[in-house]
Amino acid sequence: MAAITYKKTANRIYYSAIIFLLFGSLNAQAKITTCLKELTNNPADTSKYEISDTQKKEIENDLREKMGLASIGFDKHETLIYDKREPAIRGSEKMRELILSAIDDQKNVFLVCNYSGANEVQFAKTDKGWIDVNSRITTYEIMFDFEDFENSRRYTPDVVLESYSLGILLFHEIDHKVSYDPKYPIPPTGVRPDKSSRGVRGVIENTNIVRRELSLVLRNSKRRIAKRYRGANQIFTNTRQITFKGPAGKRNFLRWKLESKRPKMQRADATSRVKLGNV
Ligand SMILES: [Zn+2]
């Protein structure tokens with residue numbers, strides 16, 4: 001009996017070691033992580049760029065729904081992981097291809113950071129990235145302005161909110177910087193532009209492929225800058241707008257107010273969250 005118990009324990013230790021190794025290697029490969037983890041050695045106060053648990057949940061839920069994978073989520077190291085064995089149910093193939101490749105990417109790290117209330121970030125924006133000279137790993141900082149998402153809910157129909165969501169914007173930002181499809185490499189400028197041009201398919205068009213797979217309204221790919229609302233409806237005075245099109249060609253708008261146009265009480269210490277030196 002003792003021998004069997006011993007063998008069982010030994011097996012348990014052996015399997016635990018395997019699970020630990022698997023788990024460890026999963027983490028080593030996972031390359032979409034939040035600001036907190038990577039920037040803790042930074043002498044600057046990085047806590048203000050930290051993503052809250054609620055914001056993390058919002059990102060996770062949107063990725064799960066749009067990628068058709070229940071296993072994707074942040075682990076205790078604040079890093080996105082997923083179960084490679086899980087079969088996808090519905091969701092967008094295009095989105096899975098990019099996000100899962102980014103998670104498995106050995107050469108690029110994507111930091112997801114909180115820039116809520118920052119004047120220079122409208123919804124999301126990514127910096128130029130920095131390269132570690134030893135490892136040759138490039139780290140990009142993806143800045144999310146969660147207050148813009150919040151603000152847009154006041155002026156925007158649900159079909160558009162669903163189409164301009166955190167997960168879709170994560171896809172959009174990564175697609176600007178790195179290609180995981182050899183047929184559509186990043187152009188020599190180092191950045192994939194928003195709008196398509198001869199020979200280069202733009203980020204908005206790529207993002208629309210995801211939207212089409214998910215039956216979401218499509219963003220106008222001809223225009224990258226938001227327009228000022230010029231209509232007579234007072235509710236929308238001082239908003240900016242981006243056009244989306246539904247299946248029957250019906251136009252819908254994403255609308256929001258720039259930080260400077262919001263009543264003071266709606267703004268949470270906006271300027272203190274601006275980090276200098278970003279593009
Ligand atoms: Zn863009």
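Just so you know, all these numbers are worked out from the coordinates, no wet-lab data involved. Since we're looking at a predicted model, the values are computed, not measured. Glycine also receives a Cβ, built like all others from the backbone with ideal geometry; neighbour counts cover every protein chain displayed.
Within 23 Å of Thr243 (Cβ to Cβ), touching a residue at least 12 places away in the same chain (Cβ under 8 Å) and within 12 Å of the ligand (Cβ to nearest atom), is that true of Glu147?
On the way: within 23 Å of Thr243 (Cβ to Cβ): yes; touching a residue at least 12 places away in the same chain (Cβ under 8 Å): yes; within 12 Å of the ligand (Cβ to nearest atom): no.
When the stated conditions are applied, Glu147 does not pass them.
Suppose we keep only residues that are within 16 Å of the ligand (Cβ to nearest atom) and of a type in the set (A, V, I, L, M) within region 150-181. Which one would you say is farthest from Lys257 (Cα to Cα)?
Val178
When region 75-106 is examined, which residues are found to be surrounded by fewer than 21 Cβ atoms within 10 Å (Cβ to Cβ) and of a type in the set (A, V, I, L, M, F, W, C)?
Ile81, Ala88, Ile89, Leu100, Ile103
Going by the structure shown, is Lys125 under 26 Å from Leu258 (Cβ atoms) and among the basic types (Lys, Arg)? Give the derivation first.
Working: under 26 Å from Leu258 (Cβ atoms): yes; among the basic types (Lys, Arg): yes.
Criteria met by Lys125.
Would you mind listing the strands (runs of 3 or more DSSP E) fully within region 58-153 where at least 2 residues are closer than 19 Å to Leu254 by Cβ?
Values: elements: 108-114, 124-126, 138-144.
Counting at least 2 such residues, we get 124-126, 138-144.
Kindly check whether there is at least one residue in region 122-134 that is more than 16 Å from the ligand (Cβ to nearest atom), basic (Lys, Arg) and over 16 Å from Tyr49 (Cα atoms). If you could, list the steps in order and put the result at the bottom.
Taking region 122-134 as the starting set, the residues that turn out to be more than 16 Å from the ligand (Cβ to nearest atom) are 130-134.
Among the residues that remain, those that are also basic (Lys, Arg) are: none.
Within region 122-134 (the criterion being more than 16 Å from the ligand (Cβ to nearest atom), basic (Lys, Arg) and over 16 Å from Tyr49 (Cα atoms)), the answer is no, since none of the residues qualifies.
Considering Asp127, Asp132, which residue is under 24 Å from Met95 (Cβ atoms) and of a type in the set (Asp, Glu)? Step through it out loud before you land on a result.
Numbers: Asp132 fails: under 24 Å from Met95 (Cβ atoms).
Going through Asp127, Asp132 in turn, just one is under 24 Å from Met95 (Cβ atoms) and of a type in the set (Asp, Glu): Asp127.
In region 190-218, which residue that is more than 10 Å from the ligand (Cβ to nearest atom) and among the aliphatic types (A, V, I, L, M) is farthest from Lys66 (Cα to Cα)?
Result: Val200.
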